[in-house]
1. Report, ordered by the first and then the second residue, all pairs with beta carbons closer than 6 Å, sequence separation of six or more or different chains, a first member in the stretch 57-75 that is at pLDDT 90 or above, and a second member that is among the hydroxyl-bearing types (Ser, Thr, Tyr).
2. Name the residues in the stretch 30-68 that are of a type in the set (Asp, Glu) and part of a helix (DSSP H, G or I), would you?
3. Got at least one residue in the stretch 89-100 being at pLDDT 90 or above, in contact with a Ser or Thr (Cβ under 9 Å, 6 or more places away or on another chain) and part of a loop (DSSP other than H, G, I, E, B)?
4. Which ones in the stretch 1-17 are out of contact with any helix residue (DSSP H, G or I) (no Cβ under 7 Å at 6 or more places or on another chain) and surrounded by fewer than 18 Cβ atoms within 10 Å (Cβ to Cβ)?
5. Aliphatic (A, V, I, L, M), modelled with pLDDT under 95, within 21 Å of Cys106 (Cβ to Cβ) and within 13 Å of the chain's Cα centre (by Cα): which single residue out of Val6, Val28, Val80 fits that description?
Amino acid sequence: MNAVLVVDDDRTQQLIISKILKRIGLNVIIASNGVEALEQVYNNSPSLIILDLNIPGMNGTEVCEQLKADEKTQKLPVVVYSGQEREFDNYWGKSKCADAYLSKVCHPQALIDTVLKLLCFSACCCVG
């Protein structure tokens, strides 16, 4: 079963995202800051990361850039899941290193669709 790493310092957001992902049969790993996120990636090898940009220690930007610069993790799908709704943030999230960008105010189905699409693409399991 695929594991998804949820990186957010807001406990409520962690619980909401975890509940959504568990409902579709995914295991969830939690990290509350950037350093912990990298530790979880290297210790648990998640299949995908849902990453808030505004996290303590090492921010989401730095985490994403470090993952994409490392040959071992560069293909790991990253979904930036941010409370920032400005168009610049949407452009930044897609252009820098994320594989997808979602606002935290998106409908839960948008999160599910994005996660399943990226998991399927990264595993090369989809037909058609």
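The values are calculated or read from the model by the stated rules, or taken from the named source; none is laboratory data. Keep in mind that this is a model prediction, so the values were computed, not measured. Methodologically, a virtual Cβ is constructed for each residue, glycine included, from the backbone with ideal geometry; neighbour enumeration extends over all protein chains shown.
1. Filtered contacts from the stretch 57-75: Leu67/Thr73.
2. Hits for the stretch 30-68 are Glu36, Glu39, Glu62, Glu65.
3. Checked against the condition, which is being at pLDDT 90 or above, in contact with a Ser or Thr (Cβ under 9 Å, 6 or more places away or on another chain) and part of a loop (DSSP other than H, G, I, E, B), the stretch 89-100 yields at least one hit.
4. Met1, Asp9, Asp10, Arg11, Thr12, Gln13, Leu15, Ile16
5. Val80
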